[in-house]
C-alpha cells in the first residue's frame with residue numbers, strides 16, 4: 001500500500017508541470033516508473049482509494065495524450081468511471097473527471113457518438129457533485145463531437161454552455177478550449193476572420209496559463225485558417241512553430257496532425273517529395289496512436305499528392321481508403337473531402353459516371369453542413385465535368401462557386417472559377433462586377 005500511494009503521489013506532483021512550458025521534463029522523470037504507476041492506479045481502483053486516485057488523474061491523462069496512447073487512456077478512464085460511480089461521494093467526483101477525460105480520448109479515436117454519451121454521463125455526475133469545471137469541459141468535448149459529425153449549430157449550443165460555466169468559475173482553461181473549438185467551426189464554414197479571432201484568443205489563453213501543449217494545438221489551427229485564406233507563408237510559419245513545440249514536448253499525437261498539415265502546404269508549393277515525407281511520418285504516428293481521423297486525412301492527402309503527380313490509380317486507392325475510414329467515423333467534413341478527391345481521381349481514370357455521382361454526394365454534404373470551402377471546390381470540379389454534356393448546369397455551378405470564392409476571399413478559388421466561366425462563355429468579370437456593385 002505505501003508503494004501504491006508513493007507512485008500515485010509522484011504522478012500527482014507532475015500535474016501542474018505537465019500543463020506548463022516544459023512537460024517533457026516531467027515525462028522524462030515519469031517514464032522510468034510508468035509501469036509501476038499503471039499498477040498503482042489499478043491497485044487504487046481495486047482498493048477504492050478515490051483520495052489517492054483523484055490527484056493523479058490529470059497527470060495520467062496528460063501522459064496518455066502526449067504519448068499518443070488514446071486507446072489505453074480511454075480504457076483506463078472508462079474503467080475508473082465505471083468503478084468509482086458506485087463508491088462514496090469522493091468516488092462520484094473521481095468518476096466525473098474520468099468521464100470527462102474518456103470523452104476527450106473518444107474524440108481522438110474518432111468515436112464521436114460514444115464521446116457524446118460519455119460527456120452526457122459526466123454532466124449528470126457533475127450536477128451531483130457540483131463540479132462546474134467538469135460541467136464546462138464535458139460541454140467542450142460534446143461540442144467537439146458534434147462539429148466533427150457536421151452538427152455545427154448544436155456544437156455552438158454546447159460551447160455556449162461551456163463558456164457560461166467557464167465565466168462563472170473564471171476558468172481560463174475552459175475559455176481557451178471554447179474559443180479553439182468555435183474557431184474550428186468558423187474555419188470549416190468559411191468565416192475566416194471570425195475563426196482567426198477565436199483561435200488567437202485561445203492562444204492568448206494558453207500563453208496566459210503557460211501551457212505549451214495546448215498552445216501548439218491552437219497554433220496548428222491558426223496555420224490551417226491562414227492556409228484556407230491562401231496565405232501559405234503564414235500557414236507554414238504557424239505550423240512549423242507548433243511542430244517545434246511538439247518536438248520539444250514530445251507530443252506525438254499532434255506531431256502526426258502537423259506533418260499532415262505541412263504536407264498540404266508543401267503540395268501546394270509543388271514540393272511533392274517533401275509532402276510525401278511529411279505524410280509517411282504522420283501516417284506512422286497516427287496508426288501507432290490509433291488516430292483514425294488523422295489516418296483518413298493523411299490518406300486523403302497521400303492521394304492528392306499522387307493525383308497531382310499523375311499517378312491516378314494510386315491516388316484512387318488512397319482516396320478509397322480515406323472515404324472508407326471517414327464513413328466509419330461518421331466525419332462528414334472529411335467524408336466530403338474524400339468524395340471530392342476520389343471524384344477527381346475517377347475522372348482522370350475516365351470513369352465519369354462514378355465521378356459525377358461522387359461529386360453530387362459531396363455537394364449534398366457540403367451544402368447541408370454549410371461547408372463553404374468544400375462546396376466551392378466540388379462545384380468547380382462538377383462544372384468542369386459537365387462543361388460539354390450539360391453546359392447550362394455547369395454555368396449555374398460555376399456562378400455559385402464564383403460567389404462562394406469571393407465570399408471566402410480565396411484568390412486561387414476565384415481564379416479557377418473565372419477561368420472555367422470564361423471557358424463556358426459566361427462573363428469573366430461577373431464576380432468583379434458583383435463585388436463593386
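For the reader, a short list of remarks on this structure follows.
- Residues in region 343-362 that are assigned to a helix (DSSP H, G or I), more than 21 Å from residue 333 (Cα to Cα) and in contact (Cβ under 8 Å) with a residue 24 or more places away in the chain: 347, 348, 352.
- Residue count for region 126-148, restricted to those that are assigned to a helix (DSSP H, G or I) and without any contact (Cβ under 8 Å) to a residue 24 or more places away in the chain: 1.
- Residue within region 151-174 that is at pLDDT below 95, out of contact with any strand residue (DSSP E or B) (no Cβ under 9 Å at 6 or more places or on another chain) and part of a helix (DSSP H, G or I) present: yes
- None of 190, 230, 150 is on the phi > 0 side of the Ramachandran plot and under 13 Å from the mean Cα position of the chain (by Cα) except 150.
- Residues that are in contact with a helix residue (DSSP H, G or I) (Cβ under 8 Å, 6 or more places away or on another chain), over 19 Å from residue 192 (Cα atoms) and part of a helix (DSSP H, G or I), drawn from region 401-424: 416, 417, 418, 420, 421
- Any chance residue 148 is surrounded by fewer than 24 Cβ atoms within 10 Å (Cβ to Cβ) and touching a helix residue (DSSP H, G or I) at 6+ places or on another chain (Cβ under 7 Å): yes
- Evaluation of residue 310 against (1) in contact with a helix residue (DSSP H, G or I) (Cβ under 7 Å, 6 or more places away or on another chain); (2) over 13 Å from residue 68 (Cα atoms) (one fails), failing number: (1)
- Residues in region 236-247 that are touching a helix residue (DSSP H, G or I) at 6+ places or on another chain (Cβ under 6 Å) and either buried (at least 24 other Cβ atoms within 10 Å of the Cβ) or closer than 22 Å to residue 22 by Cβ (or both): 7 in all.
- If only residues of region 109-120 that are in contact (Cβ under 8 Å) with a residue 40 or more places away in the chain and surrounded by fewer than 21 Cβ atoms within 10 Å (Cβ to Cβ) are counted, the one that is nearest to residue 86 (Cα to Cα) is 113.
The values are calculated or read from the model by the stated rules, or taken from the named source; none is laboratory data. This one's a predicted model, so the numbers in the text were calculated from it and none came from an experiment. Because the Cβ atoms are built from the backbone with ideal geometry, glycine has one as well, and the counts that use them run over all protein chains shown.
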